[in-house]
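Peer 1: Submitted below is the structure of interest, expressed as structure tokens.
The values are calculated or read from the model by the stated rules, or taken from the named source; none is laboratory data. What you see is a predicted model; the values in this text were computed from it and never measured. Here the Cβ positions follow ideal geometry from the backbone for every residue, glycine too, while neighbour counts run over all protein chains shown. Areas reflect the complete protein model, heavy atoms only, side chains present, ligands, DNA and RNA absent. Shrake-Rupley method; radii C 1.70, N 1.55, O 1.52, S 1.80 Å.
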Amino acid sequence: MNEVLISKEEMQKVLKAVFLKYSFSETQALTLAKIHTESTLDGITSHGINRVPVFIDYVRRGLINIGASPTKIAEMGSMERWDGNLGSGVLNAITATDRAISLAKNHGMGLVALRNTNHWMRGGTYGWQAANQDCIAIMFTNTTPNMPAWGGKHNRIGNNPLVIAIPRKEGQIVLDMAMSQFSFGKMESLHLKNETLPFNGGWDSHDQLSKNPKDIIDSGRAIPVGYWKGSALSMILDMLATLLSAGSSTFKIGQKGSETAISQVFLCIDPSVFSDKELQEELINEIIAYTKDVDPMKKGGATFYPGERTLAVRAKNRKEGMKVSSKIWNEILALAR
């Protein structure tokens, strides 16, 4: 794959121009450009720069309501239910995370259930957002059906990303994982590079497990992480998001023909209520140190805590620039013109 090096400043400037062209406000355009750029800076091109053409296609098709803002429709103490009114998934998720953080600061814990929203792009964005405000976060979303439940042949469950974040002085801990062994965005990125998956990622059209991302994208059948365990966890996350938000389930989303009107949950916890921050840091660092104190399976290898490699990639890309598919970047430039 041909690649170009793009600086953070250049990417954000071009993306802002794209979003302004498609009628987002100055503030909205800047926020969207910042989020897509930061995801790319952290090495998540699949849900950063690579998703922009898809996002604009949804805008053109009227699936994303540019002028919409999320509205609160129910509240009970530290829990609230919101409607995203089919607005930008990124802008809605930022609002929901901010509100969950605010509730956590007031009550020790805050939960916002959001319905009728759109793809939040990189879910880890909101984990970092919460951790940077010294909050623990547990967040998840449902999706269109893109995996078969274990034992079934047809897609009935979503890859339903799960995010768990823990604030830490020496580097935030952020887990961001899909329920599929590999996200479809990751498979798209590898396909653009003509690379194969390191492990089987799903089934091809002949019902054979495959490492070829194109085969899996074409079949539309990814494999659940942990096989039957991931299948069960996907179903549970879908149930929770649907019940708490009173929104659309993976079943209902699948009937729409496009991944829209999805349901999400944002749970934040303020650990400062326990007044033992130094002990909390000590306990977390103890776990990390124990995990790292091990002989690597391969020479030069190492173990990492969730989010550790993201920090390293971020620093490298800030210094050297971000590698972006020439094909994708040319699409972005065309959208900006």
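Peer 1: Output the helices (runs of 4 or more DSSP H) that fall wholly within region 191-271 and possess 1 or more residues being under 30 Å from residue 102 (Cα atoms) and out of contact with any His (no Cβ under 7 Å at 6 or more places or on another chain), or say none.
Peer 2: Result: 228-245, 250-254.
Peer 1: Do we find that residue 281 is in a loop (DSSP other than H, G, I, E, B), closer than 24 Å to residue 97 by Cβ and not basic (Lys, Arg) in this structure? Give the derivation first.
Peer 2: Numbers: in a loop (DSSP other than H, G, I, E, B): no; closer than 24 Å to residue 97 by Cβ: yes; not basic (Lys, Arg): yes.
No, not satisfied.
Peer 1: Within region 285-337, restricting attention to residues that are in contact with a strand residue (DSSP E or B) (Cβ under 7 Å, 6 or more places away or on another chain) and assigned to a loop (DSSP other than H, G, I, E, B), which residue is surrounded by the most Cβ atoms within 10 Å (Cβ to Cβ)?
Peer 2: Per the criteria, the residue is 307.
Peer 1: Can you find even one residue in region 183-198 that is within 20 Å of residue 265 (Cβ to Cβ) and modelled with pLDDT under 95?
Peer 2: Looking through region 183-198, at least one residue is within 20 Å of residue 265 (Cβ to Cβ) and modelled with pLDDT under 95.
Residue by residue, here is whether (1) touching a strand residue (DSSP E or B) at 6+ places or on another chain (Cβ under 7 Å); (2) within 27 Å of residue 266 (Cβ to Cβ); (3) open to solvent by less than 20 Å² (accessible area, probe 1.4 Å) holds:
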| residue | (1), (2), (3) |
| --- | --- |
| 138 | yes, yes, no |
| 149 | yes, yes, no |
| 165 | yes, yes, yes |
| 211 | no, no, no |
| 229 | no, yes, no |
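Peer 1: Tell me, which residue of region 271-284 that is open to solvent by less than 100 Å² (accessible area, probe 1.4 Å) and out of contact with any Lys or Arg (no Cβ under 8 Å at 6 or more places or on another chain) is nearest to residue 168 (Cα to Cα)?
Peer 2: By that ranking, first place goes to 280.
Peer 1: A further question follows. Just a yes or no: is a residue in region 56-64 at pLDDT 95 or above and either within 29 Å of residue 308 (Cα to Cα) or among the polar types (S, T, N, Q) (or both)?
Peer 2: No, region 56-64 contains no residue that is at pLDDT 95 or above and either within 29 Å of residue 308 (Cα to Cα) or among the polar types (S, T, N, Q) (or both).
Peer 1: Which ones in region 58-113 are farther than 18 Å from residue 130 by Cα and hydrophobic (A, V, I, L, M, F, W, C)? Write out each step before concluding.
Peer 2: Residues of region 58-113 farther than 18 Å from residue 130 by Cα: 58-77, 81-88.
59, 63, 64, 66, 68, 73, 74, 76, 82, 86, listed by residue number.
Peer 1: Right, next: If you take the residues in region 231-252 that are open to solvent by less than 60 Å² (accessible area, probe 1.4 Å), of a type in the set (A, V, I, L, M, F, W, C) and over 18 Å from the mean Cα position of the chain (by Cα), which one is farthest from residue 146 (Cα to Cα)?
Peer 2: 246
Peer 1: To continue, here is another question. Can you say whether residue 6 is hydrophobic (A, V, I, L, M, F, W, C), in contact (Cβ under 8 Å) with a residue 60 or more places away in the chain and within 24 Å of residue 193 (Cβ to Cβ), as far as the supplied structure shows? Even if it seems obvious, please write down each step before you answer.
Peer 2: On the way: hydrophobic (A, V, I, L, M, F, W, C): yes; in contact (Cβ under 8 Å) with a residue 60 or more places away in the chain: yes; within 24 Å of residue 193 (Cβ to Cβ): yes.
Yes: the conditions hold for residue 6.
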